[in-house]
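Reviewing the structure listed below.
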Amino acid sequence: MKNLQHIKNVYFLGIGGIGMSALARYFKHTGRNVAGYDKTETTLTKALQKEGISVHFDDDIRNIPKNWDPANTLAVFTPALPDEHAELSWFREKPIALLKRAKVLGLICNERSGIAISGTHGKTTVSTMAATILNKTEKGCGAFLGGISKNFGTNLLLPKEESPWIVAEADEFDRSFLNLTPVIALVTSLDADHLDIYGHKEKIVESFEKFISQIQPGGMLVLKKGVELDTTKTTAKVFSYALNNPEADFTTVGLNLENGFYTFGIKTPGGIIENCRMTYPGLLNVENAMGAAALSYLAGASFEEIKSGLEEYQGVVRRFDIRFKNEKYLYIDDYAHHPEELKAIITSVKELYKGRKVTGIFQPHLYSRTRDFQAEFAESLDLLDTAIVVPIYPAREEPIRGVTSEIILNKMKLEDKHLLSKPELLEFLRKNECDIVLTMGAGDIDGQADNIIEILKSK
């Protein structure tokens with residue numbers, strides 16, 4: 001399939017995923033009939049239903065619309081679905097176009113000038129920052145985001161007719177980003193991850209080098225300083241960004257922490273953007289801001305638009321997401337699910353709130369990731385004052401013998417550590433003093449947010 005112009009009906013298998021839901025919203029807003037399946041009801045699926053999209057939660061082919069013409073119908077699926085899924089099997093047997101989410105995203109983004117943000121960490125934050133800045137320019141931009149932007153209240157930013165740019169996360173999972181041919185690309189990091197897919201880090205590097213080779217002629221590549229990729233694999237002009245590194249093309253100048261927020265200038269190839277300020281916390285996010293500033297500058301944003309966009313940036317749901325705050329307690333929720341992400345969020349919290357006790361609650365994501373990084377998870381969690389680990393969120397995986405959350409605890413040096421079920425976790429928070437509560441994980445640990453807030457309010 002070369003384009004989507006003839007498509008009138010779109011069915012999503014796994015519609016509740018953050019990437020899938022953005023596509024569903026896009027097709028709904030462009031006048032297509034949209035429906036879909038997901039395993040569980042969530043806040044996101046409820047929002048889709050309110051927007052007029054039919055969503056069901058039983059794997060039953062009887063729920064698939066039968067009045068849609070196969071010739072102008074598209075089915076989109078996530079690779080997280082098992083092969084024996086009944087509805088997926090039904091579409092495989094029918095004369096209906098069946099494509100992975102990444103392929104469809106590529107078809108949409110490649111119709112305009114794509115800005116693709118890749119890397120094992122930081123994609124969502126950099127993407128939403130760049131979209132926030134570019135949305136302030138005269139022509140604006142479209143965006144497919146990997147989280148709910150607090151500025152936009154959605155994971156989809158529809159482009160104006162005259163908008164040249166589409167900002168999209170380029171997800172390395174299942175090599176999905178190889179469906180994109182961007183004009184500008186950025187790589188935030190290159191840590192070992194998704195080893196259940198790739199096997200070895202060398203294979204991850206190979207995929208990223210293939211990705212940068214697909215940047216369009218005359219395009220540009222932005223690399224975080226220290227990311228090692230063979231840039232001879234691309235014809236793109238290469239730029240670097242970093243936090244407080246004068247050798248980088250885009251970097252902070254005069255970085256200061258004032259009342260919990262950072263002020264700085266931004267060095268660019270065209271001069272310094274003076275007196276920048278971010279009200280969104282965390283030193284890591286200042287580094288992410290350098291990447292977003294680089295993308296926006298190369299896409300034509302002015303110094304003032306970059307400065308204004310960064311100052312107005314409000315963050316992403318589940319990224320350093322302050323869910324509750326009063327005079328005594330603070331509760332932060334974060335999507336961190338890789339050891340480096342845990343280390344970044346924990347150190348950021350401890351830096352911003354020096355002297356306060358941090359109780360961290362971590363839900364490991366995937367049996368394979370827990371097995372592969374058990375020592376690294378333990379090292380990151382040792383940075384906490386109190387650590388609580390809950391059972392693994394399996395997502396797409398079947399259990400692996402001997403792999404439980406306990407293997408992380410067994411490698412930790414921290415004395416104040418606990419292995420608790422979710423009900424036990426809530427009881428622990430009721431009975432123990434917890435100055436700052438930090439939940440971390442890519443599973444459903446955020447589903448405990450309301451309970452945690454209620455407990456903190458009652459103390």
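The values are calculated or read from the model by the stated rules, or taken from the named source; none is laboratory data. The structure presented is a predicted model; accordingly, all values stated were derived computationally and were not measured. Here Cβ is always computed from backbone atoms with ideal geometry, including for glycine, and neighbour counts include all displayed protein chains.
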Boolean, K307 is out of contact with any Cys (no Cβ under 6 Å at 6 or more places or on another chain), basic (K, R) and not assigned by TED's automatic domain parsing to the domain that holds I345: no
Helices (runs of 4 or more DSSP H) enclosed by the range 392-459 - at least 2 residues per element that are of a type in the set (V, I, T): 406-411, 449-458
Lone qualifier among H29, H56, H85 - being over 24 Å from the mean Cα position of the chain (by Cα), touching a residue at least 60 places away in the same chain (Cβ under 8 Å) and on the phi < 0 side of the Ramachandran plot: H85
Scan of the range 258-292 for residues that are more than 26 Å from the chain's Cα centre (by Cα) and over 27 Å from V238 (Cα atoms), ordered by number: E258, N259
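Of everything in the range 346-372, what is closer than 26 Å to E397 by Cα, outside any strand (DSSP E or B) and either of a type in the set (F, W, Y) or modelled with pLDDT under 95 (or both)? Give them in sequence order. Even if it seems obvious, please write down each step before you answer.
Start the filter on the range 346-372 by keeping residues that are closer than 26 Å to E397 by Cα, which leaves 360-372.
Going one step further and asking which of them are outside any strand (DSSP E or B), we end up with 363-364, 366-372.
Those that are closer than 26 Å to E397 by Cα, outside any strand (DSSP E or B) and either of a type in the set (F, W, Y) or modelled with pLDDT under 95 (or both): L366, Y367, S368, R369, D372.
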Filtered residue count, the range 228-282, keeping only those that are in contact (Cβ under 8 Å) with a residue 40 or more places away in the chain and either outside the structural domain of G218 (by TED's automatic domain parsing) or buried (at least 17 other Cβ atoms within 10 Å of the Cβ) (or both): 13
Tally of residues being within 27 Å of G360 (Cβ to Cβ) and among the polar types (S, T, N, Q) across the range 280-331: 4
Which listed residue, of K123, K103, is surrounded by fewer than 23 Cβ atoms within 10 Å (Cβ to Cβ) and either modelled with pLDDT under 90 or on the phi < 0 side of the Ramachandran plot (or both): K103
Test: L156 is part of a strand (DSSP E or B) and either out of contact with any Ser or Thr (no Cβ under 7 Å at 6 or more places or on another chain) or more than 21 Å from A293 (Cα to Cα) (or both): yes
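Conditions tested, residue by residue: (1) outside the structural domain of L221 (by TED's automatic domain parsing); (2) buried (at least 24 other Cβ atoms within 10 Å of the Cβ).
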site: A71; (1), (2): yes, no
site: D83; (1), (2): yes, no
site: S89; (1), (2): yes, no
site: G114; (1), (2): no, yes
site: A131; (1), (2): no, yes
site: T137; (1), (2): no, no
site: N155; (1), (2): no, yes
site: E172; (1), (2): no, no
site: R175; (1), (2): no, no
Output for the range 401-428, where each listed residue is closer than 13 Å to P364 by Cα and either hydroxyl-bearing (S, T, Y) or without any contact (Cβ under 8 Å) to a residue 24 or more places away in the chain (or both): T404, S405, E406, S421
Matching option when the condition is surrounded by fewer than 23 Cβ atoms within 10 Å (Cβ to Cβ), under 16 Å from the mean Cα position of the chain (by Cα) and in the same structural domain as L366 (by TED's automatic domain parsing), among E327, E340: E340
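Quick one: is I345 β-branched (V, I, T) and under 20 Å from Y329 (Cβ atoms)? Break it down into steps so the answer makes sense when it comes.
Numbers: β-branched (V, I, T): yes; under 20 Å from Y329 (Cβ atoms): yes.
Against the criterion (β-branched (V, I, T) and under 20 Å from Y329 (Cβ atoms)), I345 qualifies.
Residue-by-condition table, conditions (1) under 30 Å from A344 (Cα atoms); (2) not small (G, A, S):
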site: L88; (1), (2): no, yes
site: L107; (1), (2): no, yes
site: K123; (1), (2): yes, yes
site: S127; (1), (2): yes, no
site: I133; (1), (2): yes, yes
site: C141; (1), (2): yes, yes
site: L157; (1), (2): yes, yes
Residues satisfying the stated conditions in the range 24-36, i.e. in contact with a Phe, Trp or Tyr (Cβ under 7 Å, 6 or more places away or on another chain) and either among the hydroxyl-bearing types (S, T, Y) or buried (at least 22 other Cβ atoms within 10 Å of the Cβ) (or both): A24, V34, G36
